[in-house]
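> The structure under discussion is supplied below as structure tokens; questions concerning it will follow.
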Amino acid sequence: MRPRIMMAISVVAMAALCVAVLLPGPTTAVTEKRFITHSGAVISTTGEVLDPLYTVSTVEFDPDEYLRNFEYGRVSQEGGQTVREYTIIARDDQVQEISPGVFYNVWTYNGTVPGPTIRATEGDIVRIQFINQGSKQHTMHFHGIHPAEMDGVFEIVGPGGGQFTYEFEAGPVGVHPYHCHVMPLEEHIVHGLYGVFIVDPVGGRPAADEMVMVLNGFDTDFDGENNFYAANTVPFYYQHHPIRIQQGELVRVYAVNMVEFDPINNFHLHGNLYYYYPTGTDTVPSHYTDMVTLSQTERGILEFVYQYPGQYVFHAHKVEFSEKGWVGTFLVDGSS
Amino acid sequence: MTPRVVAAGLVPLVLVAGLVVFITGPGGITAGIDPLPEITIERVDFVESEVRVVVRNTGSIPVDIVQGDINDRIQPSAVEPDGHLERFETAILRIPYAWNEAEPYAIGVTVHDGTRFERVVEAAAPAVPADLEQAGLLALAGTYMGVIPVFIGLAWLPFIRRLSQKRISFFLALTAGLLLFIGVDSAEEALEVSAENLAGSMNGALLALVSAGCAFLALQYVSGRLVSTAGSGSAMGAALMVSVGIGLHNFGEGLALGAAISLGSAVFSTYLLAGFAMHNTTEGIAIASPLAGQGRVARRLAALGVIAGFPAVLGAWAGGFAYSPISSVVFLAVGSGAAFQVAVTVARWVARGPGGLASPYVCGGLAAGLVIMYVTSIVL
């Protein structure tokens, strides 16, 4: 090869590269989709929209159904006492779409996170047939007053069909969590083995539109920090599907904080204040406020009435949590 | 080769292919867990009210991109053309966000199993548009950095020409020293880019080694042909080899410069430019030295200067408009392999002179080359 030829080749190669680098690539016409950002801008894309707000309707757990669902059990009378019997099955093999496109191994009581809301009146006998269909040991530990052997801590229930019957008198009045108490405890809780236990006073509380909100989070990449937060598991769900309530009607929210890793959570309501009953154990509210701070398993009852119709946000005022999903809205209907 | 020989050569290939099919099919051994998804955030651009993220699947299984976030706060976003990425496939994640200039941002991308990947940008700066004006700016920067300094360096030729044979061998050895330094410098840069930007599954260090090795061998072959066929033209051949090697190296430098300019780091790129320009003037000496004994070479010298310097402009365009860490590693490593090969060629040439490689002129020249490059690399 002669130097002259080499030089020519080099120069031509550089010229060709020049053209290749500067020419625009091929373009193809595709249909456009639109979505709205948190700040209200409308964006078009030729690709896929990734937005928990607008694509959430496909997830397996239905927060709307959970919100106002209370399980009173199979009711019978024994010696003048009301007995409420439940069957709770624990599993740890489910993979659930906890946010659109995000698949996470949830551990469940009766197939959902949170587990069913167990509701009884003070003094009722609560009898729970607990079956562990998981691959690990699990239990049910109720917050409340009960004999030591019903505490679900030392009475480990083995995997693959192990059984235990929890039986105790419901009390005290209030809203309490229940959760698995097998070590490592944090792992069993953050995977989803928790639920709400409501004890009504004899004679009940004043009539209200009642709902349960479990404030929870998911650490989907196991780095000891939650990737998602929510009221009732699915991030941003109630923002996209507002909770409909009536103007002038009393609303009662049983709120339980089950978030792990973060020391606190909180509950802020817009356009209104609520009467707050810590743990729901007293009939006199401790605060009239729009903000309570909740530590792990701290819980209470919120009561409020909306004076004006319209849409109102509620969310964690630890706004990191609300920007990761713990945000929703009430749609106050003023027509009736 | 007879068909029989070809067949004999193919038999083991067919057998090993069969073995692979068997292992991945019925004969497979399943142990441990399934491979985990892995992606690499290759590029982050800050455009008008939006952050654009280039994501590549660098794991061994397909992944779905399901969520984008900024500073660990979930944002509605879009992924184009779609979120399903096969191995090595890329997508652009568009996250609408009113970002603030010069603030740091952590860009997060979550995949289907809930794993979040993050890339931190130290200071947000507006991405420059890919238009003719920008192409002109990059070309100008590449010219300042590569073309002009090389030509300035070539102006040493009349000086070198008047020197004795021994002193010329000093300058040739100096050239080899410069090139050795360039080779190490490029290799270091390639390894740095690969460590910072490439996923483990890309084997970045080995990608650099393979690229450098292939570049070395390719130039080895070409220079062998040049020297054996050119005869009296072997001085010109050596000079040409030096220019090609330096050109490949300058392409890598251009990439770095273009990427810096396109990331909007104005102060940084001004310093980078001045540093490279000083550095590259010495490359002109490298090209001029082999031509010391030659006659009229002005026209060829100009061509050599273009071959050595102009790739800096190409590199600036590529780095500015189509930056990808993989191509950066490859080009930087190619530049490194080329520089080493040319250093070897020049060293061989010098070895034929009086005293061989052990003469004080040669040793002194090599040492001077290394020192000059080091000093010019740290001055700015």
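The values are calculated or read from the model by the stated rules, or taken from the named source; none is laboratory data. Since this is a predicted model, take the numbers as computed values, not measurements. Backbone-built Cβ (ideal geometry, glycine too); neighbour counts: all protein chains shown.
> Among the residues of segment A:211-218, are any assigned to a loop (DSSP other than H, G, I, E, B) and either more than 16 Å from A:Ile88 (Cβ to Cβ) or away from chain B (no Cβ under 14 Å) (or both)? Break it down into steps so the answer makes sense when it comes.
The initial filter retains those residues of segment A:211-218 that are assigned to a loop (DSSP other than H, G, I, E, B), namely none.
The answer is no, given that none of the residues of segment A:211-218 is assigned to a loop (DSSP other than H, G, I, E, B) and either more than 16 Å from A:Ile88 (Cβ to Cβ) or away from chain B (no Cβ under 14 Å) (or both).
> Could you list all residues from segment B:81-108 that are more than 8 Å from chain A (Cβ to nearest Cβ) and over 21 Å from B:Ala123 (Cα atoms)?
Those that are more than 8 Å from chain A (Cβ to nearest Cβ) and over 21 Å from B:Ala123 (Cα atoms): B:His84, B:Leu85, B:Glu86, B:Arg87, B:Phe88, B:Glu89, B:Thr90.
> What residue, among those in segment B:44-75 that are outside any strand (DSSP E or B), more than 12 Å from chain A (Cβ to nearest Cβ) and of a type outside the set (A, V, I, L, M), is surrounded by the most Cβ atoms within 10 Å (Cβ to Cβ)? Outline the logic, then answer.
In the first step, residues of segment B:44-75 are kept if they are outside any strand (DSSP E or B); the result is B:48-49, B:58-62, B:71-72.
Checking which are more than 12 Å from chain A (Cβ to nearest Cβ) leaves us with B:58-62.
This time we only want the ones that are of a type outside the set (A, V, I, L, M), so: B:58-60, B:62.
On the way: B:Thr58: 22, B:Gly59: 20, B:Ser60: 12, B:Pro62: 13.
Among residues in segment B:44-75 that are outside any strand (DSSP E or B), more than 12 Å from chain A (Cβ to nearest Cβ) and of a type outside the set (A, V, I, L, M), the one surrounded by the most Cβ atoms within 10 Å (Cβ to Cβ) is B:Thr58.
> In addition: Would you check if B:Ala339 is small (Gly, Ala, Ser), under 18 Å from B:Val184 (Cα atoms) and in contact with a His (Cβ under 6 Å, 6 or more places away or on another chain)?
Yes; evaluated as a whole, the condition is true for this residue.
> If you don't mind, there's one more thing I want to ask. Check segment A:316-326 and report whether any residue there is part of a strand (DSSP E or B) and at pLDDT 95 or above.
No, because not a single residue in segment A:316-326 is part of a strand (DSSP E or B) and at pLDDT 95 or above.
> Let me ask another. I'm checking my understanding of the structure. Among residues of segment B:112-138 that are modelled with pLDDT of 90 or more and farther than 17 Å from B:Val44 by Cβ, which one is nearest to the other protein chains (Cβ to nearest Cβ)?
Filtering segment B:112-138 for residues that are modelled with pLDDT of 90 or more and farther than 17 Å from B:Val44 by Cβ, the one nearest to the other protein chains (Cβ to nearest Cβ) comes out as B:Gly114.
> Return the only residue of A:Arg84, A:Arg91, A:Arg68 being more than 16 Å from A:Phe236 (Cα to Cα) and either touching a His at 6+ places or on another chain (Cβ under 6 Å) or buried (at least 20 other Cβ atoms within 10 Å of the Cβ) (or both).
Only one candidate passes the filter, namely A:Arg84.
> What helices (runs of 4 or more DSSP H), lying completely within segment A:1-78, carry at least 2 residues that are within 11 Å of chain B (Cβ to nearest Cβ) and modelled with pLDDT of 65 or more?
Helices (runs of 4 or more DSSP H) meeting the threshold: A:3-22.
> Sticking with this structure for a sec: Going by the structure shown, is B:Ala78 farther than 18 Å from B:Thr40 by Cβ, facing chain A (nearest Cβ under 9 Å) and within 24 Å of the chain's Cα centre (by Cα)?
When the stated conditions are applied, B:Ala78 does not pass them.
> Moving to a separate point now. What are the residues in segment B:114-132 that are surrounded by fewer than 18 Cβ atoms within 10 Å (Cβ to Cβ) and farther than 20 Å from B:Arg52 by Cβ, if any?
The one that is surrounded by fewer than 18 Cβ atoms within 10 Å (Cβ to Cβ) and farther than 20 Å from B:Arg52 by Cβ: B:Leu132.
> Can you name every one of the strands (runs of 3 or more DSSP E) wholly within segment B:78-182 that holds 3 or more residues which are in contact (Cβ under 8 Å) with a residue 24 or more places away in the chain and not charged (D, E, K, R)?
It comes to B:90-96, B:105-111.
> Before we move on, is B:Gly9 at pLDDT below 90, exposed (fewer than 11 other Cβ atoms within 10 Å of the Cβ) and not in a loop (DSSP other than H, G, I, E, B)? I'd like the intermediate steps shown before the answer.
Details: at pLDDT below 90: yes; exposed (fewer than 11 other Cβ atoms within 10 Å of the Cβ): yes; not in a loop (DSSP other than H, G, I, E, B): yes.
Criteria met by B:Gly9.
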